[in-house]
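> The structure that follows is given in the form of structure tokens.
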Amino acid sequence: NKDLLISFLNALLDLKEEKEIIDLTYFNTEQLGYNNSERRAIYDVYCQTKEGKRFIVEMQKAKQDNFRDRALYYSSFAIQEQGQKGTKDNISWDYKLSPVYVVGILDFNMDESLEKSNKVITKVKLKDDDNEVFNENLNFIFIEMPKFRKTETELGSFIDKWLYVIKN
């Protein structure tokens, strides 16, 4: 349901007012890689906010090999599509990018070596060697559903309630 997914993503990303997602499109198309090679990314949902930010929502039911690499690969399409070739109205492109979010709702643990961690939601940004955010425009949010074990009586936040609904 479009309205429910918008509500969930706005809650997950803590988006309010101008930053709220206002529309999303369900994709059934494949974004082909360089020279139409064998590698492909399939986006499940493409979202846009009031201020033009872009979101990719990738839903994974089955475990995927090299999932971190796949997520990085998926994000490259949403970045690349923002590029403009040449000039438009005699104004050259200034390389200003809208942020891209890859949200992975996973029905598996991303790293088996980290299964002992109870962390359900992992948020990742590109950082430099001083641990400072290098660029705000590339964001990953991974939700590992097997790690969500709260019962209905233990739900505290709006996100807890959403994760409970998704899991059950």
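> Quick check on segment 72-89. Is at least one of its residues among the hydrophobic types (A, V, I, L, M, F, W, C), at pLDDT 80 or above and out of contact with any Phe, Trp or Tyr (no Cβ under 6 Å at 6 or more places or on another chain)?
yes
> Can you report the number of residues in segment 132-168 which are outside any helix (DSSP H, G or I), within 17 Å of Asn109 (Cα to Cα) and touching a strand residue (DSSP E or B) at 6+ places or on another chain (Cβ under 8 Å)?
5
> What are the pairs, 6+ residues apart or on separate chains, where a residue within segment 1-22 that is touching a residue at least 40 places away in the same chain (Cβ under 8 Å) has its Cβ under 8 Å from a residue that is open to solvent by 100 Å² or more (accessible area, probe 1.4 Å) and assigned to a helix (DSSP H, G or I)?
Ala11/Phe158
> From the list Asn36, Asn66, exactly one residue is loosely packed, with under 14 Cβ neighbours inside 10 Å, over 21 Å from Leu5 (Cβ atoms), at pLDDT 80 or above and among the polar types (S, T, N, Q). Which is it?
Asn66
> Give me a count of the residues in segment 114-168 that are surrounded by 14 or more Cβ atoms within 10 Å (Cβ to Cβ), under 21 Å from Val100 (Cα atoms) and among the aromatic types (Phe, Trp, Tyr).
Here the count works out to 2.
The values are calculated or read from the model by the stated rules, or taken from the named source; none is laboratory data. These numbers come from a predicted model, not from an experiment. Using ideal geometry, Cβ is built from the backbone for each residue, glycine included, and neighbour counts are taken over all protein chains shown. When the accessible area is computed, the model is the full protein with side chains, heavy atoms only, and any ligands, DNA or RNA have been set aside. Shrake-Rupley method; radii C 1.70, N 1.55, O 1.52, S 1.80 Å.
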